[in-house]
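Asks: Attaching a single structure in structure tokens format; questions to follow.
The values are calculated or read from the model by the stated rules, or taken from the named source; none is laboratory data. Being a predicted model, the structure only gives us computed values, none of them experimental. Because the Cβ atoms are built from the backbone with ideal geometry, glycine has one as well, and the counts that use them run over all protein chains shown.
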Amino acid sequence: MTNRTISHIIEPNLVIEGAGVLLRRSFGPHITNKFDPFLLFDHFSFNNPIEGPIKGFPTHPHRGIETVTYMLEGTVRHRDSLGNMGTIAEGDVQWMTSGRGILHEEMPQRSANGNNLGFQLWVNLPSAQKMSQPRYQEISAGTIPIIEKDGVKIRLVAGEIDGIRGPVTEIAASPLYMDVELSAGSRFMVNVPSGHTTLAYVFEGTGEFADQVVESVSMVVFQNDGDQIEVKSEAGVRFMLISGEPFKEPIFPYGPFVMNTKEEIEETIRELRNGTFIK
Ligand code: MN
């Protein structure tokens with residue numbers, strides 16, 4: 001086993017999306033596809049009453065991607081063109097495979113104490129699955145396995161650890177996605193296949209990632225060689241661990257669409273205009 005070292009650390013940018021939602025973005029879809037198979041990582045955090053009502057994300061389309069929403073405080077109401085609707089409640093995960101296309105709205109709501117805290121990850125689809133049938137995996141908090149050992153608490157959304165499998169299945173990027181909480185003085189090790197893109201989004205506390213001190217809020221990008229991640233913390237730290245297999249295909253992103261070529265994006269826009277986007 002070889003420990004991964006850190007490639008670099010991203011300080012998330014504050015951006016405004018949807019109908020005026022303030023969020024922290026670590027990265028977004030870009031033609032360089034540096035985080036292949038991951039396209040975007042957003043952190044919603046509305047904890048200041050002067051921000052006023054959360055405006056949400058009114059109806060918008062997606063094609064060619066998967067969006068993964070994980071809520072820790074507050075909820076997200078959602079509704080789509082295929083008749084699906086529901087609420088992503090505290091601790092729940094929604095793994096949405098847009099495939100060839102959906103139109104949906106996502107409306108965050110504050111919790112009773114006024115907070116809204118959650119994450120949205122975008123995962124690419126390989127070219128052969130970009131025009132697949134849309135699919136939702138709705139995972140309620142109670143069905144997410146919690147693994148507790150030696151001061152480390154893991155909530156496993158996708159992938160496998162210690163022979164335990166997360167509830168999200170059949171994802172092309174074979175991702176590992178989990179919420180990891182280290183209590184003060186604990187240490188965490190996890191195997192990740194060499195070559196898989198691996199990131200850690202540190203959102204509470206401070207930890208040593210590959211012997212480098214990282215404070216929240218930061219996105220740690222690991223080098224691609226090595227097959228093990230080591231994290232230690234003196235005072236406690238909490239982070240999302242994200243790892244997946246690159247597709248190594250060219251991408252052509254345009255807003256909420258990520259296809260492989262410019263022609264496929266032009267076709268997508270044509271279909272939206274003439275009303276044939278939703279099949
Ligand atoms: Mn969306």
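Asks: Within segment 232-246, how many residues are of a type outside the set (Asp, Glu) and surrounded by fewer than 20 Cβ atoms within 10 Å (Cβ to Cβ)?
Replies: First, pick out the residues of segment 232-246 that are of a type outside the set (Asp, Glu): 232-233, 235-244, 246.
Then drop every residue that is not surrounded by fewer than 20 Cβ atoms within 10 Å (Cβ to Cβ), which leaves 232, 235-236, 238, 246.
Qualifying residue count for the region: 5.
Asks: Of the residues in segment 97-112, how many are without any contact (Cβ under 8 Å) to a residue 60 or more places away in the chain and in contact with a His (Cβ under 8 Å, 6 or more places away or on another chain)?
Replies: Of the residues in that region, 4 qualify.
Asks: Which of the residues spanning segment 117-129 are more than 16 Å from the ligand (Cβ to nearest atom) and part of a strand (DSSP E or B)? Show your work before the answer.
Replies: Of the residues in segment 117-129, the ones more than 16 Å from the ligand (Cβ to nearest atom) are 117, 126-129.
If the condition is that a residue be more than 16 Å from the ligand (Cβ to nearest atom) and part of a strand (DSSP E or B), then Leu117 is the only one that fits.
Asks: Identify all residues within segment 26-50 that are in a strand (DSSP E or B) and under 20 Å from Leu176 (Cα atoms); write none if there are none. Steps first, answer last, please.
Replies: Narrowing segment 26-50 to residues in a strand (DSSP E or B): 26-27, 38-46.
Correct list: Ser26, Phe27, Phe38, Leu39, Leu40, Phe41, Asp42, His43.
Asks: Does Phe41 satisfy the criteria of being in contact with a Phe, Trp or Tyr (Cβ under 8 Å, 6 or more places away or on another chain), closer than 21 Å to Pro246 by Cβ and within 16 Å of the ligand (Cβ to nearest atom)? It would help to see each step written out before you state the result.
Replies: Numbers: in contact with a Phe, Trp or Tyr (Cβ under 8 Å, 6 or more places away or on another chain): yes; closer than 21 Å to Pro246 by Cβ: yes; within 16 Å of the ligand (Cβ to nearest atom): yes.
Yes; evaluated as a whole, the condition is true for this residue.
Asks: Among what's in segment 87-104 and is part of a strand (DSSP E or B) and away from the ligand (no atom under 14 Å from the Cβ), pick the residue that is surrounded by the most Cβ atoms within 10 Å (Cβ to Cβ).
Replies: As a first pass, look at segment 87-104 and keep what is part of a strand (DSSP E or B): 87-88, 93-97, 102-104.
After this cut, where a residue has to be away from the ligand (no atom under 14 Å from the Cβ) as well, the list is 87, 93.
Details: Thr87: 14, Val93: 26.
In this case the residue turns out to be Val93.
Asks: Could you tell me how many of the residues in segment 197-217 are surrounded by fewer than 19 Cβ atoms within 10 Å (Cβ to Cβ), touching a residue at least 12 places away in the same chain (Cβ under 8 Å) and not acidic (Asp, Glu)?
Replies: Counting residues in segment 197-217 that are surrounded by fewer than 19 Cβ atoms within 10 Å (Cβ to Cβ), touching a residue at least 12 places away in the same chain (Cβ under 8 Å) and not acidic (Asp, Glu) gives 4.
Asks: Out of all the residues in segment 222-239, is one or more under 14 Å from Leu40 (Cα atoms) and modelled with pLDDT of 95 or more? Before the answer, list the steps.
Replies: Just the residues of segment 222-239 that are under 14 Å from Leu40 (Cα atoms), to begin with: none.
Looking through segment 222-239, none of the residues is under 14 Å from Leu40 (Cα atoms) and modelled with pLDDT of 95 or more.
Asks: Taking the residues in segment 54-69 that are among the hydrophobic types (A, V, I, L, M, F, W, C) and assigned to a strand (DSSP E or B) as candidates, determine which candidate is modelled with the lowest pLDDT. Walk me through how you get there before you give the answer.
Replies: Narrowing segment 54-69 to residues among the hydrophobic types (A, V, I, L, M, F, W, C): 54, 57, 65, 68.
Filter once more, keeping what is assigned to a strand (DSSP E or B): 57, 65, 68.
On the way: Phe57: 91, Ile65: 98, Val68: 96.
Only one residue fits best here, namely Phe57.
Asks: If I ask for residues that are touching a helix residue (DSSP H, G or I) at 6+ places or on another chain (Cβ under 6 Å) and either in a strand (DSSP E or B) or within 16 Å of the ligand (Cβ to nearest atom) (or both), which ones from segment 242-279 would you list?
Replies: Once the filter is applied, which keeps residues that are touching a helix residue (DSSP H, G or I) at 6+ places or on another chain (Cβ under 6 Å) and either in a strand (DSSP E or B) or within 16 Å of the ligand (Cβ to nearest atom) (or both), segment 242-279 yields Phe252, Tyr254, Phe257, Met259, Phe277.
Asks: Scan segment 77-86 for residues that are more than 22 Å from Thr169 (Cβ to Cβ) and either of a type outside the set (Gly, Ala, Ser) or crowded, with 21+ Cβ neighbours inside 10 Å (or both) and jot them down. Before you say what the answer is, go through the steps one by one.
Replies: Of all residues in segment 77-86, those more than 22 Å from Thr169 (Cβ to Cβ) come to 77, 79, 81, 83, 85.
Those that are more than 22 Å from Thr169 (Cβ to Cβ) and either of a type outside the set (Gly, Ala, Ser) or crowded, with 21+ Cβ neighbours inside 10 Å (or both): Arg77, Arg79, Met85.
Asks: Please indicate, with yes or no, whether at least one residue in segment 44-63 is more than 23 Å from Val15 (Cα to Cα) and either out of contact with any helix residue (DSSP H, G or I) (no Cβ under 6 Å at 6 or more places or on another chain) or within 14 Å of the ligand (Cβ to nearest atom) (or both).
Replies: Taking segment 44-63 as the starting set, the residues that turn out to be more than 23 Å from Val15 (Cα to Cα) are none.
Checked segment 44-63: no residue is more than 23 Å from Val15 (Cα to Cα) and either out of contact with any helix residue (DSSP H, G or I) (no Cβ under 6 Å at 6 or more places or on another chain) or within 14 Å of the ligand (Cβ to nearest atom) (or both).
Asks: Please state which of the following conditions Ser7 fails to meet, knowing it meets all the rest: (1) in a loop (DSSP other than H, G, I, E, B); (2) more than 26 Å from Ile144 (Cα to Cα).
Replies: Just one mismatch for Ser7, condition (1).
Asks: Right, something else. Name every residue in segment 70-85 that is over 19 Å from Leu121 (Cβ atoms) and assigned to a strand (DSSP E or B), in order of residue number. Give the derivation first.
Replies: Taking segment 70-85 and keeping what is over 19 Å from Leu121 (Cβ atoms), we get 77, 79, 81-85.
Arg77, Arg79, Met85, listed by residue number.
Asks: Would you mind telling me which numbered condition in (1) of a type in the set (S, T, N, Q); (2) within 16 Å of the ligand (Cβ to nearest atom); (3) out of contact with any strand residue (DSSP E or B) (no Cβ under 8 Å at 6 or more places or on another chain) Gln133 fails?
Replies: All conditions pass for Gln133, except number (2).
Asks: For segment 130-168, give me each residue that is among the charged types (D, E, K, R), surrounded by 12 or more Cβ atoms within 10 Å (Cβ to Cβ) and part of a strand (DSSP E or B). Let's see the steps before the verdict.
Replies: Our first condition is that a residue be among the charged types (D, E, K, R); within segment 130-168, this holds for 130, 135, 138, 148-150, 153, 155, 160, 162, 165.
Still in the list and also surrounded by 12 or more Cβ atoms within 10 Å (Cβ to Cβ): 130, 135, 138, 153, 155, 160, 165.
Listed by number, the residues that qualify are Arg135, Glu138, Lys153, Arg155, Glu160, Arg165.
Asks: Could you check Gly74 against (1) modelled with pLDDT of 95 or more; (2) surrounded by 17 or more Cβ atoms within 10 Å (Cβ to Cβ); (3) away from the ligand (no atom under 14 Å from the Cβ) and say which number it fails?
Replies: Exception for Gly74: condition (1).
Asks: Would you mind stating whether Val21 is at pLDDT below 95 and either surrounded by 15 or more Cβ atoms within 10 Å (Cβ to Cβ) or of a type in the set (A, V, I, L, M, F, W, C) (or both)?
Replies: On the way: at pLDDT below 95: yes; either surrounded by 15 or more Cβ atoms within 10 Å (Cβ to Cβ) or of a type in the set (A, V, I, L, M, F, W, C) (or both): yes.
Yes, satisfied.
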